[in-house]
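Following: one structure in structure tokens, then a few remarks.
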Amino acid sequence: MKLVFAGTPEVAVPALDALLASGRHEVAAVVTRPDAPAGRGRRLVASPVAERAEEAGIEVLKPARPRDPEFLERLEEIAPDCCPVVAYGALLPKAALDIPARGWVNLHFSLLPAWRGAAPVQHAIMAGDEITGAATFLIEEGLDSGPVYGTVTEVIRPTDTSGDLLTRLAFAGAGLLAATMDGIEDGTLTAVPQPADGISLAPKVTVEDAHVDWNTPALRVDRVVRGCTPAPGAWTTFRGERLKIVQAAPVPAMTELAPGQLSAGKNNVYAGTGSYAVELLWVQPQGKKPMRAADWARGVRITAGESVGA
């Protein structure tokens, strides 16, 4: 088939690579979000998908909005059979959805209908799910509600951050998307409607969602830290300034600390929660780089009874 691939961040690159390597389909063009300011100089930088497409010599389309007439005209000129999508980052209007004969097929990082929305991996970890996965489905005008072509499953490991899990899903999902394109082309795959039961929503995780509540149990604190790493980053306050919690681990044997109360030794820093303590392993003080929590504690000289999140 002739394909136009739509995607933007680094997590979409493995899928583009898989389609380019398949040898069975032609990736005629790539659609991605416009260049965005990045770094200290805030200079405009192309998306990872745009950079990979340019390396491969593929036409790159960067519409400000996918309903722009110029973009729709160019898409009609290319006349793709199908448009695979991975984390493109913009809603597609019906005028765009109607162009490819076999539709737009999205790779979504959950087992639909669970965790429809922008942040399925983060929400799966924060909810304490043990199993997740990826699904390919035919895009409709609803939110991630279209019929499903195929799925792969992935175990959520006890120490997984959303970054760890998303990386694994990106590569597993890349193979699934390539296989889905093959199945659509040869007629061996039929999209199956999603069940009406088991729907959950995964909106974008906000900075406030990443605010650690030390009154909740240690397992909840651990899930928020892992689910919000690397972005937006779990955080608390210490002495009136924001402190990011980069890595922590539950310590079931330590139950004597009150919620938020700190205990610092030579090589360890603990914080109390609503159940047992968590060990703070890596933190990032405001305006500084991430550091080992023990090094941070020595620098600030934590006093007896001090707390985070006060």
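The values are calculated or read from the model by the stated rules, or taken from the named source; none is laboratory data. Quick caveat: nothing in here was measured; it's all calculated off a predicted structure. Positions of Cβ are backbone-derived with ideal geometry, glycine not excepted, and every protein chain shown enters the neighbour counts. With ligands, DNA and RNA removed, areas are computed over all heavy atoms of the protein, side chains included. Shrake-Rupley method; radii C 1.70, N 1.55, O 1.52, S 1.80 Å.
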Run the numbers on the chain and let me know its relative contact order in percent, using alpha-carbon pairs under 8 Å that are six or more apart.
13
Taking the chain as the reference, fit the longest principal axis to its C-alpha atoms, fit the long axis of helix 162-186 to the helix C-alpha atoms, and give the angle between the two in degrees, 0 to 90, nearest 10.
20
Checking region 118-171 for GluC sites (Glu not before Pro) in a loop per DSSP with at most 10 other beta-carbon atoms within 10 Å yields GLU130
Nearest 10 degrees, 0 to 90: helix 69-78 Cα axis against the chain principal axis
60
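Around ASP213, with a cut-off of 13 angstrom between Cβ atoms, what is the net charge of the other residues, counting Lys and Arg +1 and Asp and Glu -1?
Working: positive: ARG220, ARG223; negative: GLU208, ASP209, ASP222.
Summing Lys/Arg as +1 and Asp/Glu as -1 gives -1.
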Which of the lysines could be linked to LYS94 by a straight reach, that is with a Cα gap under 24 Å, when you skip same-chain ones fewer than 8 residues away?
LYS2, LYS62, LYS204
So, with a 1.4 angstrom probe, what is the percent of accessible area on region 191-310 that is carbon and sulfur?
54
If one computes the Cα centroid of region 224-280 and of region 58-124, what distance in Å separates the two points?
40
Sparse-neighbourhood loop hits (trypsin sites (Lys or Arg not before Pro), region 197-255; DSSP loop; Cβ within 10 Å at most 13 others) -> LYS204, ARG239
For region 43-149 the mean separation of alpha carbon contacts under 8 Å (6+ apart) over residue count, i.e. relative contact order in percent, is 20
At a threshold of 8 angstrom on Cα-Cα distance, excluding pairs fewer than six apart, so keeping six or more, what relative contact order does region 200-255 reach in percent?
31
So which lysines pass the test for LYS289, namely a Cα distance under 23 Å, with those fewer than 8 places away in the same chain ruled out?
LYS244, LYS266
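Taking only protein heavy atoms and a 1.4 Å probe, what accessible area per residue, in Å², does the chain have with all protein chains in place? Present the calculation step by step, with values, prior to reporting the outcome.
Details: 14850 Å² over 310 residues.
Ligands and nucleic acids excluded, the result is 48 Å² per residue.
What is the percent carbon and sulfur in the accessible area of region 1-78, measuring with a 1.4 Å probe over the protein chains and ignoring ligands? Walk me through the numbers on the way to the answer.
On the way: 1890 of 4050 Å².
Percent of accessible area from carbon and sulfur atoms in region 1-78: 47.
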Can you give me the angle between helix 13-22 and the longest principal axis of the chain, using Cα atoms only, in degrees from 0 to 90, rounded to the nearest 10?
40
